[in-house]
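Since the structure comes first, as C-alpha cells, the remarks are kept for the end.
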There are 2 protein chains.
Amino acid sequence: MAGDQAMSKTGILYGVGVGPGDPELMTVKAWRLISSAGTIAYLSANGSDSTARAIASPFIDPDTDEIIIDMPMRVERAPAQAAYADAARRIAARLVDGEDVVMLCEGDPFFYGSFMYVFERLSETFKCVVVPGVTSISAASAAIGHPLVARDEVLKVLPATMDADHLLAELSTTSAAAIIKVGRHFGKVKSILSRLNLVYDATAITRATHSDQTVRSVAEIDEDSLPYFTTIIVRQAAKR
Amino acid sequence: MAGDQAMSKTGILYGVGVGPGDPELMTVKAWRLISSAGTIAYLSANGSDSTARAIASPFIDPDTDEIIIDMPMRVERAPAQAAYADAARRIAARLVDGEDVVMLCEGDPFFYGSFMYVFERLSETFKCVVVPGVTSISAASAAIGHPLVARDEVLKVLPATMDADHLLAELSTTSAAAIIKVGRHFGKVKSILSRLNLVYDATAITRATHSDQTVRSVAEIDEDSLPYFTTIIVRQAAKR
C-alpha cells in the first residue's frame, strides 16, 4: 500500500533563489536543496552560460541531471513563450515520474524572476515550493554601505524601461528608490535624476557581489549605456 | 613586526541579516559568520526575547559572548537613541580590542533595519561589513505562492504608518505593493484598499516563514488591528 502510494506520488517543483551573485549569499535551504537535487533546471540566454547555474555551481553534484532552458533573447515575446512552454513540458515529465525538480533562479524567484513563467504553467497541476532569496537590491545597498530605506520611508523599485514622465513622477515623490534593469536606459535615467537634482544622491552598482562588481557615483558616469544588471540606488540626502 | 601589526588591528563589525524567520532562510555567509563568532550582538525589545537571536539560535555556539542591546519600545525617540549610543560604545570597546562583532539583524540589515542606528555611529571609525539577507517581503510572496512583481512593473514598499492620503495616492498608481508594519494601522489600510477596489487583491501575511505564520485574505479580516510584523501584499489582478 505504502509502495503504491509512493509510486503514484508526483514530484515537487522547487523555485529556488540563488541570491545576487556571491555563492555564499545563497540561503542554507537553497544550498541543501541544490546539493541534494536529482534534477536541476535553469535558463540559458542565447546559448550562453547561465548566471544562476554559475552562482550555484560550487554546490551542484556532478551526477545531478540538468534541464537547460534555452532562452532566445529577442524583443518579440512569442519565441520566449514557446521556450517556457517547452521547459514546462520537460519539467512536468519529471514531476509526473515522481522526481523533484529544483529550478535555479537568480536573486529571488518572485522578484522580477522568470521563474514565474514556468510557475504559472505548472502550479495548478503540481506542488510548487518557492524558496525566497537575497535580491540584487539588498546586495546593492550592502555593496555601497548605505541603508537602502529606514523608519517610515517609502521605497520604490522602478524598472529603467519605464517612460520618462512616469519615472520622473515616481522619483519626485520618494526619498528612496532602486532603479533596476538600467542597461541602455542609463542616459534617460541620468537626465531625469539631473532634472530632480538627485544625481549626487545616486549610485550605480553593476553585478553586485559578483567578483566583477562595480560601484560608481552616477554623477561621474558619462556613458549612455551600462550593463543590464545595473541597479541605481537613490537616497535623497536631505531626507536621510 | 607582523605581531605588532596584528596587535594594533581593530576588529570588524558585521551587520548580518538572519532572514525572515525560518533559520534555513539565513544565507550560508550568515551561518558561517554566526557559528564562528566570538561575540554576537542583538536587540532585545523591552527585555523580551530577541527575534533575531531566536532565528539564529540553531547556529550559535554556547561559548559565544553576547552583547544584548535592551531597547525601550516607546514613542519618544530619546530613550532608544540612548540605548543605541550605549550599544555602540560596548561594541566599539570590543572592536578596539581587535575582536570582531557579529550583529544579528532580522531580515536584511539595510532594509528598514535598526542596524543602521549602530552602523551610523561606528562606520566612520571601524570597518563595517553588511551581509544582506532575505526580506520579509520576499518571504511573504513565497508564502502566498504568487509572484510579487514581474516584467516592467513598479513595486512600492509602503509603511502602514503613512497618512491615509499619501498611502492612497501611492497605492492608486502601482500594480504591486507591499504594505509593511501593519499592526494597529490595519483598519485604515483596509478602508483605503476598499476605496481603491483592491481589497480582493490583497493578502495579509503575519510572521512569514516563522512556525506560527498566518496567511489571510484582507477581505476576510474584520479586526481593526493585526500584529506589527504583518505585511500586506497587493497585486492588481487586472495588471497581472
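Every number here is computed from the coordinates shown, using simple stated rules; none is lab data. Since this is a predicted model, take the numbers as computed values, not measurements. All Cβ positions, glycine included, derive from the backbone under ideal geometry; neighbour counts span all protein chains shown.
Overview of values
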read-out	value
Shape of the protein assembly as shown, Cα gyration tensor, a/c cut at 1.5	rounded
Per residue convex hull volume, Cα atoms of the stretch A:112-240, in Å³	137 Å³
B:Val215/B:Arg184 FRET efficiency (R0 25 Å; Cβ-Cβ; nearest 0.05)	0.80
Distant-in-sequence amide H partners of B:Lys127 (H built 1.01 Å from N, under 5 Å)	B:Leu13
Order of B:Arg89, B:Arg32, A:Arg94 under a 10 Å beta carbon neighbour criterion, fewest first	B:Arg89, B:Arg32, A:Arg94
Candidates B:Thr173, B:Thr27, B:Thr214: whichever shows maximal mean-square fluctuation once chain B is modelled as a Gaussian network with Cα springs under 10 Å	B:Thr173
FRET E, pair A:Gln81, B:Ser123, Förster distance 51 Å, beta-carbon r, rounded to 0.05	0.60
Cα-based shape type of chain A, given that a ≥ b ≥ c are square roots of the gyration tensor eigenvalues and the cut on a/c is 1.5	prolate
DSSP beta bridges in the stretch A:2-131 [antiparallel fraction, %, rounded to 5]	5 percent
222 nm mean residue ellipticity, helices alone, for chain B (DSSP H n ≥ 4; -39,500 (n - 2.57); rounded to 500)	-9000 deg cm²/dmol
Three-way shape call for the stretch A:54-158 based on the alpha-carbon gyration tensor, with the a/c threshold at 1.5	prolate
Among A:Arg77, A:Arg151, A:Arg195: highest mean-square fluctuation, GNM of chain A, C-alpha pairs under 10 Å	A:Arg151
Centroid-to-centroid separation of the stretch B:66-102 and the stretch A:171-240 [C-alpha atoms, Å]	33 Å
Least to most buried among B:Val16, A:Val75 (fewest other Cβ within 10 Å first)	A:Val75, B:Val16
Theoretical FRET efficiency, 1/(1+(r/R0)^6), r = Cβ-Cβ of B:Leu196 and A:Thr10, R0 30 Å, to 0.05	0.15
Neighbour net charge for B:Pro132 - beta-carbon separation under 15 angstrom, K R +1, D E -1	-3
More than 18 angstrom apart: percent of Cα pairs within the stretch B:2-131	51 percent
The protein assembly as shown: antiparallel DSSP beta bridges as a percent of all, rounded to 5	40 percent
7 Å along Cα→Cβ, label-point gaps from A:Tyr228 to other copies, nm, shortest first	4.2
